[in-house]
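Since the structure comes first, as structure tokens, the remarks are kept for the end.
The values are calculated or read from the model by the stated rules, or taken from the named source; none is laboratory data. No experiment lies behind these values; they were computed from the predicted model shown. Note that we place each Cβ from the backbone using ideal geometry, even for glycine, and neighbour counts take in every protein chain shown.
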Amino acid sequence: MKFLKNVWYVAALPDQVGRELLGRKIAGVHVLLYRTQAGEAVAIADTCPHRFAPLNKGSLIGDNVECLYHGLQFSPAGRCVRNPQADLISPNMHIGRYPVVERHGLVWLWPGDERLADPAKIPDLSHIENSPTRRTVHSFIEAPYRHDILIDNLMDLTHIDFLHVGSFSGGPPESGETVVEERDNQVIVTRTQYRGAPPPRDADMGPLVDRRFHIRWFPSQVTAFEGRMVLPGGSLDQGRKTVFTHIATPADAKNTNYFMSFTREHAVEDRDLDAIISATQKKVIATEDGPMLEAIDRRMNGADLMELRPVVLPGDTGALRVRRVVKRLLQEEERHQAASEVRSA
Amino acid sequence: MKFLKNVWYVAALPDQVGRELLGRKIAGVHVLLYRTQAGEAVAIADTCPHRFAPLNKGSLIGDNVECLYHGLQFSPAGRCVRNPQADLISPNMHIGRYPVVERHGLVWLWPGDERLADPAKIPDLSHIENSPTRRTVHSFIEAPYRHDILIDNLMDLTHIDFLHVGSFSGGPPESGETVVEERDNQVIVTRTQYRGAPPPRDADMGPLVDRRFHIRWFPSQVTAFEGRMVLPGGSLDQGRKTVFTHIATPADAKNTNYFMSFTREHAVEDRDLDAIISATQKKVIATEDGPMLEAIDRRMNGADLMELRPVVLPGDTGALRVRRVVKRLLQEEERHQAASEVRSA
Amino acid sequence: MKFLKNVWYVAALPDQVGRELLGRKIAGVHVLLYRTQAGEAVAIADTCPHRFAPLNKGSLIGDNVECLYHGLQFSPAGRCVRNPQADLISPNMHIGRYPVVERHGLVWLWPGDERLADPAKIPDLSHIENSPTRRTVHSFIEAPYRHDILIDNLMDLTHIDFLHVGSFSGGPPESGETVVEERDNQVIVTRTQYRGAPPPRDADMGPLVDRRFHIRWFPSQVTAFEGRMVLPGGSLDQGRKTVFTHIATPADAKNTNYFMSFTREHAVEDRDLDAIISATQKKVIATEDGPMLEAIDRRMNGADLMELRPVVLPGDTGALRVRRVVKRLLQEEERHQAASEVRSA
Ligand code: FES
Ligand code: FES
Ligand code: FES
């Protein structure tokens, strides 16, 4: 399985990165995240070039990482800065380092060609940043399934009216429609549903509601949702609003770093509510989506989705468009890679 | 590993099939078994053609199965009968269905070419059907080893005098002989043993007995046993009788659906005895055959038995004949398959 | 992964071999170890040639092993000596037997060409044999990592000053040097360290010591250590002595039979001290080296070390020399094998 490399991925939540070494796999790459003494989040390769010890087993000496096995030390720039066995430090002792940026309350990492790592390419999630009137609760799961079937899941919200009846949904609506647009390598899905039972937590709305979700997918495998809910026939633009964000950073061909966030504009100071939101969200994912996605992953057994010739339903349009964009971007990355090699040969 | 497809396999015990969806793997195929509202046992593919969700996670809506993920519905004939996202139902939305017949107290399924699925080909196990004077107790195990080494085990009863000393056997007899016949793709083994200690539960017979087992193997991987035991030199036809049946329905190359039955003609109404028989049988299989077959499976590591050039002993004659019949039938299936493809091209 | 076959490997500790059958994997070969009634340690193949049952599940009948599955019996010479199903015993019913020698308090086995199995080739470990003035405590671990990365670990003692700080080491020394010699297919490393903190158990020496280790590697994957410790500038030949021996008998490409010994010349009769030494040694290996070596094994994912182009440090010299010797000996074994086949063709 190939992953996009020249994108900003969410690698961690800010409080997961500190003075404890954090090893994580991002798009097939073992990376090591930590903070310098000045508090800056940095990332270098997580594999020692000497005998391939995971550097995350090592320790921080100031801003440098010391390998636990034989004590080589590496700077936040991936330079070997100490060889306890000799004064000599040769170029092959340096390791990879990865651009890291903290933005929108998330830690972003660029696993690809550093020369292309422009922070302006980070998906705009300013609408979920914390402020005096807004609070975003983040959760993290190490999900044991492929990131692409999770993205399929997120881009096709028709599933909530079956898989999530009783949690995020009150049941299938009378009718619904899905509109898909593509813009600047983003895929925007608008899913509207008419006359369905509201989810349990919105039961106060009455027996039937109209709902609409805007979902914006970024090549970073970020999906940003805005939901609206009104009484049937009402103006959806004015409806009750929910904002949430699901991020499926690929770990490797079998695992996903799954970040999920919920953003609210009420009870902003309520830390107990934070905990309830996080627990609820994780529980639904763990008990409803998780077992389904794991089962599908086993059935697919590593095969490419399209090679299995799936039946295509209207709700798939967004997910299939995502697959087309990813395919195109992968081809662009290959061409860029080939060109770089020619130029440096 | 190739499996015979054009045979009736025992897929389940009747009380395992009901209004709860039962997913099972039969000869490499994921099948879904359930009963219609009228009580008929049916089987369709257990994989949704949309995104490959296991249909067994879904639910029954009347006689149809609704996929839990996005709500496609399928009839007992494997037809897609509801697409909640559009009125359109296209031919590629239909899935496989498998002929099912209940007979002799077992649920039989035909995973191959439906046109050949003649119930007359079901092995005749009428001698184990329940009646006012006869009671058969069935048990089921998901066995984590290949079906063919289980069949080898069943066809070569010399093993009971070593592996099952103290349970099914009192120890090796003074002498024994194995006669093998083949008839209509069935393999019939007659194993006679002279002057051996009886198994513990027949200790009342005295210190020494003669025993004879008739074992009939069917391509359905069914083995039907009739045992007789007499005092040395007595007429085996008149001896104390035991009837049992072991069925090794292949799940996949590593697992077996193992059904085992014991049939008695006394205490027919005694439900406590039923439970004792089932528990005893399962315990002996789990503690004596199971560990041995798992260990052999690991040592063979997926290889074909004959390629490993095993030593052949007289007791193997039946098992080797079975392997020859299976090989011949697999070749016939291949020819049939090739002919079908030519005709439909 | 190829293993040297024409060497004596430590297969077991003497008290692991008795009248209970012991199955063990040595250099990729399943072997069965036991003692005859006369107390002699012997080894035959652990796989029955009939249906590949592990013979270690069987039982001893005098000096012979009876297979649990159908009762074939094998002598300590690997000859089939009883076929309960017929008087016939054919040559293909015999199995491999492996030369075994008990020496230096260890059980040695030769998995290769028996004609070359000269006990004179057993590594000389007479210096760890028990005597009235010397006591060696042995321990055994089934280690879930490749033997070659364990040998790398043992041959490069620079690791103790990082991985074992607080247990075997007080911290990195001011300076150190490694000298490597090769003699008769043995690799001898002398590692000297100047002005380092002593390990905790030698804290009585004062804040700083000089240390020297002689390590002798044998193709049997035996490493014999002698350590000396003095006050800085003292004569290392007169220093406080420690003697220990680590043996990395390959099991298969993923597992190692790890034997470790500590030899002392004081409190020779103290059995409680024996237990403390064994527990301490196993604990350090299990908590410090074990997790590191398992992690490295996963990162290397079965690849050959040199193909991964590791950075080479001075401390690696011994380990790399070992790899060169093993490569040369493997080539010799191949040539010997080819010549044998020509001669017997
Ligand atoms: S493996 Fe990191 S310093 Fe040796
Ligand atoms: S996977 Fe079954 S309806 Fe989508
Ligand atoms: S497997 Fe050993 S005697 Fe049959």
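Look through C:Val268, C:Val325, C:Val312 and report the one residue that is assigned to a helix (DSSP H, G or I) and out of contact with any Pro (no Cβ under 6 Å at 6 or more places or on another chain).
After ruling out the rest, the residue left standing is C:Val325.
I'd like the full set of residues that are touching a Phe, Trp or Tyr at 6+ places or on another chain (Cβ under 9 Å) and within 14 Å of chain C (Cβ to nearest Cβ), limited to the stretch A:1-23.
Residue satisfying the conditions is A:Leu21 alone.
What are the residue pairs meeting all of these: first residue in the stretch C:19-32, first residue in the same structural domain as C:Pro49 (by TED's automatic domain parsing), second residue among the β-branched types (Val, Ile, Thr), Cβ atoms under 7 Å, and 6 or more apart or on different chains?
Filtered contacts from the stretch C:19-32: C:Leu21/C:Val65; C:Arg24/C:Val31; C:Ile26/C:Thr249; C:His30/C:Thr47; C:Leu32/C:Ile44; C:Leu32/C:Val65.
The conditions are (1) at pLDDT below 95; (2) surrounded by fewer than 17 Cβ atoms within 10 Å (Cβ to Cβ), and B:Glu182 fails exactly one of them. Which is it?
Of the numbered conditions (1) at pLDDT below 95; (2) surrounded by fewer than 17 Cβ atoms within 10 Å (Cβ to Cβ), the odd one out for B:Glu182 is (1).
Can you tell me which residues in the stretch A:1-16 are crowded, with 23+ Cβ neighbours inside 10 Å and not aromatic (Phe, Trp, Tyr)?
A:Val7, A:Val10, A:Ala11, A:Ala12
What pairs come out if I take residues in the stretch B:288-306 that are more than 8 Å from chain C (Cβ to nearest Cβ) and pair them with residues that are buried (at least 20 other Cβ atoms within 10 Å of the Cβ) and aromatic (Phe, Trp, Tyr) whose C-beta lies under 8 Å away, six or more apart or interchain?
Here the result reads B:Gly290/B:Tyr145; B:Leu293/B:Tyr145; B:Glu294/B:Tyr145; B:Asp297/B:Tyr145, each pair linking the stretch B:288-306 to a residue that is buried (at least 20 other Cβ atoms within 10 Å of the Cβ) and aromatic (Phe, Trp, Tyr).
Considering only residues that are surrounded by fewer than 21 Cβ atoms within 10 Å (Cβ to Cβ) and among the β-branched types (Val, Ile, Thr), look in the stretch A:30-63 and name the one that is farthest from ligand 1 (Cβ to nearest atom).
A:Thr36
Kindly provide the set of residues from the stretch C:194-211 that are of a type in the set (Asp, Glu) and within 30 Å of the chain's Cα centre (by Cα), ordered by number.
C:Asp202, C:Asp210
Any chance the stretch B:29-51 includes a residue that's on the phi > 0 side of the Ramachandran plot and in contact with a Lys or Arg (Cβ under 7 Å, 6 or more places away or on another chain)?
The answer is no; no qualifying residue exists.
Which residues, taken from the stretch A:64-84, are of a type in the set (Gly, Ala, Ser) and within 10 Å of ligand 1 (Cβ to nearest atom)?
A:Gly71
Can you find a residue that is assigned to a loop (DSSP other than H, G, I, E, B), in contact with a Lys or Arg (Cβ under 9 Å, 6 or more places away or on another chain) and within 16 Å of ligand 1 (Cβ to nearest atom) anywhere in the stretch A:100-123?
No.
Can you name the residue in the stretch C:94-126 that is free of Cβ contacts under 8 Å to residues at least 60 places away in the same chain and crowded, with 20+ Cβ neighbours inside 10 Å and, of all such residues, is farthest from the other protein chains (Cβ to nearest Cβ)?
C:His104
Whether any residue in the stretch C:270-278 is away from chain A (no Cβ under 14 Å) and more than 25 Å from C:His164 (Cβ to Cβ) is what I want to check.
Yes, the conditions are met somewhere in the stretch C:270-278.
I'm told B:Asp161 meets every condition in (1) out of contact with any Leu (no Cβ under 8 Å at 6 or more places or on another chain); (2) part of a strand (DSSP E or B) except one. Can you identify the failing condition by its number?
Single failed check for B:Asp161: (2).
Quick check on the stretch B:197-211. Is at least one of its residues crowded, with 17+ Cβ neighbours inside 10 Å, modelled with pLDDT of 95 or more and within 14 Å of another protein chain (Cβ to nearest Cβ)?
no
Kindly indicate the residue of the stretch A:222-268 that is in contact with a His (Cβ under 6 Å, 6 or more places away or on another chain) and crowded, with 18+ Cβ neighbours inside 10 Å and also nearest to A:Pro173 (Cα to Cα) among those meeting that condition.
A:Thr223
Return the pair list, or none, for Cβ contacts closer than 7 Å from residues in the stretch A:39-58 that are within 16 Å of ligand 2 (Cβ to nearest atom) to residues that are assigned to a loop (DSSP other than H, G, I, E, B), at least 6 apart or on different chains.
none
Please specify each residue of the stretch C:198-257 satisfying the condition of being basic (Lys, Arg) and touching a strand residue (DSSP E or B) at 6+ places or on another chain (Cβ under 8 Å).
If the condition is that a residue be basic (Lys, Arg) and touching a strand residue (DSSP E or B) at 6+ places or on another chain (Cβ under 8 Å), then C:Arg211, C:Arg212, C:Arg216, C:Arg228, C:Arg240, C:Lys241 are the ones that fit.
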